[in-house]
Amino acid sequence: MTMDLQQHLDTANQYIGRQYTEELCKELANKTGLAVRPRGNGFFMTQDYNPARINLLVENEIITHVTMGN
């Protein structure tokens, strides 16, 4: 992972524990300049891989984990 992507991942990790909202998703996308996708029950999944995408794992409306790609 490049340093820039690691910095974006570090930024996204600050959102762990917060309640997921569309506004929060847009805020993170604006802050990092990357696509942001929620994952979990109730969200659509795709099979494409984008190494510069932030994935937010959402459980019971709370962000519990953050990954890049997938």
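The values are calculated or read from the model by the stated rules, or taken from the named source; none is laboratory data. It should be emphasised that the depicted structure is a prediction, and the values quoted were computed from it without experimental measurement. Heads up, the Cβs are rebuilt from the backbone with ideal geometry, glycines too, and the neighbour counts pull from every protein chain shown.
Here is how the numbers come out for the structure above:
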| quantity | calculated |
| --- | --- |
| All positions within region 20-59 that are among the polar types (S, T, N, Q), at pLDDT 85 or above and either under 10 Å from the mean Cα position of the chain (by Cα) or closer than 10 Å to residue 70 by Cα (or both) | 55 |
| Qualifying residue in region 28-48 (condition: surrounded by 12 or more Cβ atoms within 10 Å (Cβ to Cβ), in contact (Cβ under 8 Å) with a residue 60 or more places away in the chain and in contact with a strand residue (DSSP E or B) (Cβ under 7 Å, 6 or more places away or on another chain)) | no |
| Any hit, region 18-26, residues being outside any helix (DSSP H, G or I) and either among the hydroxyl-bearing types (Ser, Thr, Tyr) or crowded, with 16+ Cβ neighbours inside 10 Å (or both) | yes |
